[in-house]
Amino acid sequence: MSVLGLDTITFRYPSASADALAGVTLDVEAGETCWLYGAPGAGASTLLMVAAGLAPRFTGGSLSGQVRILGVDPVEESTRHDLRGQVAWIGTASDIQFSQVAETVREEIAFGPANLGQPMSRIDAAVGEALERLGIGHLAHRSPAALSGGEQQRVVMASMLAMSPALWLLDEPDAALDSAGKEIMARVLREEAGRGSAVVIATGDADAMLGRAGRIVLLDRGTIAFDGPPRQLLADELAWSRGPGGTSVAELARAAARLNPDPRLMAPYPLDFDEAMARWKP
Amino acid sequence: MTLHPFTPFVLVGGVAALAFLLPPPVGPVALYGGVLIAALAAGMGGAAVAAGLVLLPLWGFLLLLHGILPGGDGYPAAVAQGARLGAVATASIMLLRGFKPSRFLDAASSRGWSLSAAYLIVSTLQAAPRLRARAASILEAQRARGLRAGGSPWARVRALVPLSLPLVLATLTEVDDRAMALEIRGFRSPGVTRTPLDPPPTTGRDRSLRWGTLILVLAASVWRFG
């Protein structure tokens with residue numbers, strides 16, 4: 001079942017001279033994890049905002065094409081309220097996503113479900129579960145404003161989790177997290193995809209994402225340059241010619257190939273340590 | 001015991017009305033005295049000090065205008081005006097310092113208020129501390145880039161643009177970002193009543209204070225204009 005459907009989406013910001021997205025068509029199924037990859041300015045953040053129904057409503061600009069979430073148009077005034085609580089969108093700045101009314105982390109996480117008018121028993125259960133799954137139970141009574149960047153990022157994630165969304169749209173969700181936080185976030189998103197949510201993650205961190213997504217979509221100047229398995233793209237020269245590059249190991253192999261044109265160093269590049277060892281072992 | 005979030009608004013409104021209804025100079029001075037005692041009793045002496053520091057130049061100006069310079073209304077008028085300002089400013093700062101956004105939102109939700117209207121009040125009351133925090137972070141960032149924000153008056157004036165411009169731009173950007181974040185979290189959900197997480201009770205003390213304030217304002221109006 002398609003959770004997110006974008007059909008020939010073209011979007012341009014106000015006063016911009018070029019389209020931020022040009023004819024993008026993308027379907028993300030329930031249970032799928034889709035990784036948006038691209039150089040800065042390629043259009044990944046814009047695509048997430050358009051998919052969430054936030055652009056052009058909050059950003060201004062012009063949009064053509066059709067967006068569908070669970071078959072509903074999130075842009076159309078008469079239908080978008082049917083999607084409340086169904087879409088989790090996490091932008092790059094976590095502190096901006098706080099409600100600014102909560103005095104504790106528990107209240108912050110409960111803000112969304114309360115706005116949806118859910119009964120208190122359900123809110124309590126959802127908040128408790130979100131705190132536990134994100135490993136932030138010990139922060140429940142702390143002020144959200146007093147947390148570190150990584151802790152804030154986990155609270156934002158928990159706030160979305162408490163609404164049980166069907167679609168996750170995440171823009172650089174790992175940016176402020178340490179390795180433990182990254183692992184927790186990856187696990188939670190895997191579980192969410194497992195229970196039938198669709199997950200779309202925009203990030204340039206190829207090392208962290210390798211193995212976390214079944215599909216990669218390479219964006220280049222607002223168009224889709226590749227849509228397929230991550231390993232296929234990241235081992236190919238296309239990741240450099242139209243994208244931000246590959247994994248650290250692939251980067252190393254590519255640099256080595258420039259110095260020594262050994263066929264074992266050429267594309268397709270090894271993506272991780274194990275692959276490199278298997279390929280380069282004498 | 002904490003007051004219901006609406007009660008301080010009634011009290012501040014009452015203080016503002018009484019400050020101009022009570023006969024000067026005794027009325028405003030007595031009112032200011034009462035507000036100061038209430039501040040001390042509530043453990044918010046800091047609010048009275050903060051209001052005094054803000055008003056200090058204004059009090060000096062009032063004394064100069066009404067008392068020292070020829071053609072003024074005399075010292076009693078200066079004292080009355082100063083006391084009025086002192087009472088209203090102290091009560092307002094007490095309101096701001098004791099304001100709990102989540103309790104206010106819960107109180108508004110349980111009364112069936114529009115969530116947007118309640119949030120607007122909360123945002124307005126929180127704007128000053130948020131701006132101060134943002135200004136502090138911009139100041140630190142600009143200092144790290146070599147900006148000299150201290151020293152001579154001319155240096156301070158020159159530092160204003162690199163400090164104020166990012167503040168204004170960041171504030172404008174933040175409005176859009178925050179609106180998007182609130183939208184995603186079901187903030188504007190037509191036909192849905194927000195669930196109050198912990199609706200604050202209206203106690204007998206709240207009722208007494210609200211009715212007492214109203215009666216005092218009405219009595220002062222009758223006394224003044226009746």
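Can you pull out every residue in the stretch A:194-244 that is on the phi > 0 side of the Ramachandran plot and among the basic types (K, R)?
A:R221, the sole residue that qualifies.
Looking only at the stretch B:81-122, how many residues end up being surrounded by 21 or more Cβ atoms within 10 Å (Cβ to Cβ), closer than 30 Å to B:P57 by Cβ and polar (S, T, N, Q)?
Result for the stretch B:81-122: 2.
State whether the residues of the stretch A:42-58 include one that is within 30 Å of A:G128 (Cβ to Cβ), touching a helix residue (DSSP H, G or I) at 6+ places or on another chain (Cβ under 6 Å), at the interface with chain B (Cβ under 9 Å from one of its Cβ atoms) and modelled with pLDDT of 90 or more.
Looking through the stretch A:42-58, at least one residue is within 30 Å of A:G128 (Cβ to Cβ), touching a helix residue (DSSP H, G or I) at 6+ places or on another chain (Cβ under 6 Å), at the interface with chain B (Cβ under 9 Å from one of its Cβ atoms) and modelled with pLDDT of 90 or more.
Restricting the search to the stretch B:192-220, which residues are in contact (Cβ under 8 Å) with a residue 60 or more places away in the chain, surrounded by fewer than 18 Cβ atoms within 10 Å (Cβ to Cβ) and of a type in the set (D, E, K, R)?
B:D198, B:R205
Would you mind telling me which numbered condition in (1) touching a Phe, Trp or Tyr at 6+ places or on another chain (Cβ under 9 Å); (2) not assigned by TED's automatic domain parsing to the domain that holds A:D19 A:W240 fails?
Condition (1) is where A:W240 drops out.
Could you check the stretch A:60-87 and list, in sequence order, the residues that are facing chain B (nearest Cβ under 7 Å) and closer than 28 Å to A:L177 by Cβ?
Listed by number, the residues that qualify are A:R84, A:G85, A:V87.
From B:S109, B:S123, B:S114, grab the single residue that is more than 11 Å from chain A (Cβ to nearest Cβ) and either among the hydroxyl-bearing types (S, T, Y) or touching a residue at least 60 places away in the same chain (Cβ under 8 Å) (or both).
Being more than 11 Å from chain A (Cβ to nearest Cβ) and either among the hydroxyl-bearing types (S, T, Y) or touching a residue at least 60 places away in the same chain (Cβ under 8 Å) (or both) holds for just one of B:S109, B:S123, B:S114, which is B:S114.
Let me spell it out: the conditions are (1) under 23 Å from A:V75 (Cα atoms); (2) free of Cβ contacts under 8 Å to residues at least 60 places away in the same chain, and B:R188 meets all of them except one. Which number is the exception?
(2)
Of the residues that make up the stretch A:149-159, is at least one crowded, with 21+ Cβ neighbours inside 10 Å, within 11 Å of chain B (Cβ to nearest Cβ), touching a residue at least 12 places away in the same chain (Cβ under 8 Å) and in contact with a strand residue (DSSP E or B) (Cβ under 9 Å, 6 or more places away or on another chain)?
yes
Mind telling me which of the residues B:G74, B:G33, B:G45 ends up being surrounded by fewer than 15 Cβ atoms within 10 Å (Cβ to Cβ) and either hydroxyl-bearing (S, T, Y) or more than 30 Å from B:V222 (Cα to Cα) (or both)?
After ruling out the rest, the residue left standing is B:G45.
Quick one: is A:A125 small (G, A, S) and surrounded by 20 or more Cβ atoms within 10 Å (Cβ to Cβ)?
In short, no.
Going through A:P56, A:P74 one at a time, which residue ends up being assigned by TED's automatic domain parsing to the domain that holds A:Y13 and closer than 16 Å to B:R185 by Cβ?
Only one candidate passes the filter, namely A:P74.
Counting only residues that are more than 7 Å from chain A (Cβ to nearest Cβ), of a type outside the set (G, A, S) and within 22 Å of B:D106 (Cβ to Cβ), how many does the stretch B:184-226 have?
Total satisfying the criteria: 13.
Of all the residues that make up the stretch A:112-126, how many are more than 22 Å from the chain's Cα centre (by Cα), within 11 Å of chain B (Cβ to nearest Cβ) and at negative phi?
10
Could you identify the single residue in B:R103, B:R97 that is at pLDDT 90 or above and under 13 Å from the mean Cα position of the chain (by Cα)?
It is B:R97.
Could you check B:R156 against (1) within 14 Å of chain A (Cβ to nearest Cβ); (2) of a type in the set (D, E, K, R); (3) surrounded by 13 or more Cβ atoms within 10 Å (Cβ to Cβ) and say which number it fails?
Unmet for B:R156, out of (1) within 14 Å of chain A (Cβ to nearest Cβ); (2) of a type in the set (D, E, K, R); (3) surrounded by 13 or more Cβ atoms within 10 Å (Cβ to Cβ): (1).
In the set A:A180, A:A145, A:A176, which member is at negative phi, among the small types (G, A, S) and not in a helix (DSSP H, G or I)?
After applying the criteria, what remains is A:A176.
Looking at (1) under 22 Å from the mean Cα position of the chain (by Cα); (2) under 24 Å from B:L182 (Cα atoms); (3) within 14 Å of chain A (Cβ to nearest Cβ), which is the only condition B:A136 fails?
Single failed check for B:A136: (2).
Being within 28 Å of the chain's Cα centre (by Cα), assigned to a helix (DSSP H, G or I) and away from chain A (no Cβ under 11 Å): is that true of B:L165 here?
When the stated conditions are applied, B:L165 passes them.
The values are calculated or read from the model by the stated rules, or taken from the named source; none is laboratory data. Remember, predicted model here, so these are calculated numbers, not experimental data. Positions of Cβ are generated from backbone atoms using ideal geometry, with glycine treated the same way; all protein chains shown enter the neighbour counts.
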